[in-house]
Amino acid sequence: MKKLSIFLLPAMISCAQTWTNPIITEIYTADPSARVFGNTLYIYPSHDKDDAFTFNMEDYYVFSTTDMKNFKNCGLAFDAIKETSWAHGQAWAPDCIERNGKYYLYYPTDKKHIGVAVSDSPTGPFKDALGHPLLSIDSPGVYCNRDFIDPCVFIDDDGQAYLYVGQNTVCCVKLNEDMISYEGEAFIIEGCDEFFEAIWMHKYRGKYYLSYSNGTWNGEQPQIAYAMSDSPTGPFEYKGIILDPVSSGTNHHSIVKYKGKWYIFYHNAELSRSRTPAGQRYSTVRRSVCVDRLYYNPDGTIKPVVMTGAGR
Ligand code: FUB
């Protein structure tokens, strides 16, 4: 028994969680896209306003960490409403990627457009790359019967880039090398059962994973579900639930590997709840970014996430 505990001690210490959820408390943040550029993990969230009771977001702040303990606010990176001529509101869940030394921020506005802004730095400032949206709800090949939101960008090992986007239906375009134009028309990705929003692509051991919020399904609050495929364009096969409902109603996440460990970033409204006087309704649109570890089974399926510090 003694021998066993001595043996297990280093493993237990190396597993120790270094952060406390929520990890960002100075402003309200939601829909975190976590990306690793170089030695640093960056978080690109949407920015909920301090007095928000609606999804009236406008701008994007970037956060970074090198130790999964201290999460630094790198400041305002882009104001989608002030810094474009065509966006009017609802600057929701963004994503960011690096190519050839430039950083591309993809963001939805007005529930119908996807814009792209570019910077020489992962923390911005970003500038509108086109002077018009990259893709819109009425672009050729797009099918969307609700909000056209939540872009997720992915570059495969062969260099082909994809942009996944949509609500209720997953649409995809193949991005060109310049990352600000695309090939042909949008097309639909099949097999993401119960898909609602918050599409996220990642790759693990040669397999493609699309994970997403399943919306309000059978009266339940949204969970994060996932599907797997041998191809980035599917068809995908539904695999199950990764993350339970959270206290914000909306559920939105990203999955990333950093320094050899896999993480899931997501949001909840626990901070908003804790700051609201007892008996009053807390705003579920003042959300805060959280993170927890993500683990795979030997067959590549994902284990349900244990949320730390996250109430419901
Ligand atoms: O934050 C605004 C919207 O709420 C996002 O675009 C959705 O994914 C949901 O989290």
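The values are calculated or read from the model by the stated rules, or taken from the named source; none is laboratory data. Not measured: the values here are computed from a predicted model. Heads up, the Cβs are rebuilt from the backbone with ideal geometry, glycines too, and the neighbour counts pull from every protein chain shown. Side chains included, ligands, DNA and RNA excluded: accessible areas come from the protein's heavy atoms. Shrake-Rupley method; radii C 1.70, N 1.55, O 1.52, S 1.80 Å.
Things to note:
- Across the stretch 34-138, counting alpha-carbon atoms alone, Rg and Dmax equal 13.5, 43 Å.
- For the stretch 57-114, the C-alpha radius of gyration divided by 2.2 N^0.38 Å, with N the number of residues, is 1.26.
- Apportionment of accessible area to carbon and sulfur, the chain, percent (1.4 Å): 50
- Computed on the Cα atoms alone, the convex hull of the stretch 89-236 gives a volume of 117 cubic angstrom per residue.
- The fraction of all Cα pairs in the stretch 251-312 landing in successive 10 Å bins from 0 to the largest distance is 20, 43, 24, 11, 2, given as whole percents.
- Kirkwood-type hydrodynamic radius, the stretch 100-158: 12.6 Å, calculated from all non-identical alpha-carbon pairs.
- Gap separating the Cα centres of the stretch 124-194 and the stretch 46-64, nearest whole Å: 22
- Overall shape of the stretch 140-208 was characterised from the C-alpha gyration tensor. The equivalent ellipsoid obtained from it has semi-axes of 19, 16, 9 Å, in decreasing order.
- Here the sum of -39500 (n - 2.57) over DSSP H runs of 4 or more residues, divided by the residues of the chain, equals -1500 deg cm²/dmol at 222 nm, to the nearest 500.
- Pairs of alpha carbons in the stretch 170-231 whose separation is greater than 20 Å (percent): 38
- Taken along its principal axes, the alpha carbon cloud of the stretch 228-287 reaches lengths of 50, 29, 16 Å, longest axis first.
- Each Lys or Arg adds one and each Asp or Glu subtracts one; over the other residues with Cβ under 14 Å from the Cβ of Glu98, this totals -1.
- Computed over the stretch 150-296, Kirkwood Rh from alpha-carbon pairs, angstrom: 16.3
- Full-stretch length increase - Glu83, Ala16 - with 0.36 nm per residue and alpha-carbon distance subtracted: 19.9 nm
- Bins of 10 Å, starting at 0 and running to the largest distance - Cα pair percent for the chain: 6, 28, 37, 22, 5, 1, 0
- Among Phe71, Phe154, Phe53, the residue with the largest mean-square fluctuation in a Gaussian network model of the chain, with springs joining Cα atoms closer than 10 Å, is Phe53.
- Using a probe of 1.4 Å on the protein chains alone, the accessible area found for Ser274 is around 90 Å².
- If you take all other residues with their beta carbon under 13 Å from the beta carbon of Leu130, and give Lys and Arg +1 and Asp and Glu -1, the sum is -2.
- In Å², nearest 10: area of Asp158 left accessible to a 1.4 Å probe: 120
- Looking at the chain, the accessible area is 44 square angstrom per residue; that uses a 1.4 Å probe and ignores ligands, DNA and RNA.
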